[in-house]
1. Residues of segment 6-38 being farther than 27 Å from PRO159 by Cβ and of a type in the set (A, V, I, L, M, F, W, C), which ones?
2. Might you check whether a residue that is of a type in the set (Ser, Thr, Tyr) and over 20 Å from the mean Cα position of the chain (by Cα) occurs anywhere in segment 65-87?
3. Could you list all residues from segment 182-197 that are touching a helix residue (DSSP H, G or I) at 6+ places or on another chain (Cβ under 8 Å) and closer than 14 Å to VAL213 by Cα?
4. What number of residues within segment 98-132 satisfy the criterion of being closer than 20 Å to ILE207 by Cβ and of a type in the set (Val, Ile, Thr)?
5. May I ask you to list the residues in segment 136-151 that are free of Cβ contacts under 8 Å to residues at least 40 places away in the same chain and either within 29 Å of PHE4 (Cα to Cα) or of a type outside the set (Ser, Thr, Tyr) (or both)?
6. Just to be sure before I move on: is VAL158 within 19 Å of PRO16 (Cα to Cα) and among the β-branched types (Val, Ile, Thr) in the structure I sent?
7. Suppose the filter is farther than 25 Å from LYS196 by Cβ, at pLDDT 95 or above and over 21 Å from the mean Cα position of the chain (by Cα); does TRP52 pass it?
Amino acid sequence: MRIFTPGTEMPMAGHPVVGSTFALARDGRIGGGRTDWTFGLNVGPTPVTLEWGGERLEFAWMTQRNPEFGPTFDDAARIAAALGLREDDIRATGLPVQQVSCGMPFVFVPLATRAAVDRVVPDMRLLDFEAYVFTTDRAGSNDSAATYSRMFAPMLGVPEDPATGGASGPLGCYLVRHSVATSEQARSILNLQGVKLGRPSWIHISIEGSEGVISRVRVGGTSVFVAEGTMEVED
């Protein structure tokens, strides 16, 4: 499988993997009841675990690479300016801005409140990194999401993405690394992304490990059939 944004080819991505799993199951290419499948991505073989309800595929888990924790960024003022925020929106969390990758690097920017996440308006002249902003704030919320997030990647040709499976695995790893989630909580994290775009996406995250070492990263969800068609290509 090869995956492209409007601006580049990706090493991996979560939603194309989950969506393709459901498409192949719907087409019968993945036989009913089969519980495992492997895609070849630019990062290498990528396993998927399937959960069925009778003959209907109900859920798919993508296993991502174990995390690589990159640099932290101390210049909260510069990060805040690039995102149209106040510096305190970041500093109030007490958490670092850090790059994390499970196949594709993202810069994770913790914010104090959901209101701050919704206030983000990136300055595309200053935003020179793939920014994943999130909060664990639940004040006033009536949903079951543990994290509330948005993703901006203009350098990839994606001004804002309503759902980013490739960043959700690293997000879970970040939460474990900085003791925001316990090992037990990390086995089942529900991430809500895309609300500000009017396209809410529920992304399931499962991080496993022991003694501070992460040994398994999974991101999962369902897929909705929208349309199908035929394209003719002339030489």
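1. If the condition is that a residue be farther than 27 Å from PRO159 by Cβ and of a type in the set (A, V, I, L, M, F, W, C), then LEU24, ALA25, ILE30, TRP37 are the ones that fit.
2. As a first pass, look at segment 65-87 and keep what is of a type in the set (Ser, Thr, Tyr): 72.
Subset that is over 20 Å from the mean Cα position of the chain (by Cα): none.
So far as segment 65-87 goes, no, none of its residues is of a type in the set (Ser, Thr, Tyr) and over 20 Å from the mean Cα position of the chain (by Cα).
3. SER183, ALA186
4. Going through segment 98-132, the residues closer than 20 Å to ILE207 by Cβ turn out to be 98-110, 132.
Next cut, of a type in the set (Val, Ile, Thr) only: 100, 107, 109.
So the count comes out to 3.
5. Of all residues in segment 136-151, those free of Cβ contacts under 8 Å to residues at least 40 places away in the same chain come to 137-142.
Matches in segment 136-151: ASP137, ARG138, ALA139, GLY140, ASN142.
6. On the way: within 19 Å of PRO16 (Cα to Cα): yes; among the β-branched types (Val, Ile, Thr): yes.
Criteria met by VAL158.
7. Details: farther than 25 Å from LYS196 by Cβ: yes; at pLDDT 95 or above: yes; over 21 Å from the mean Cα position of the chain (by Cα): yes.
Here the answer is yes, as TRP52 does meet what is asked.
This table checks each residue for (1) modelled with pLDDT of 95 or more; (2) hydroxyl-bearing (Ser, Thr, Tyr).
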| site | (1), (2) |
| --- | --- |
| ALA92 | yes, no |
| PRO96 | yes, no |
| VAL100 | yes, no |
| LEU126 | no, no |
| THR136 | yes, yes |
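The values are calculated or read from the model by the stated rules, or taken from the named source; none is laboratory data. This structure is a prediction, so every number in the text was calculated from the model and none was measured. Cβ coordinates were reconstructed from backbone atoms using ideal geometry, including for glycine residues, and neighbour counts include every protein chain displayed.
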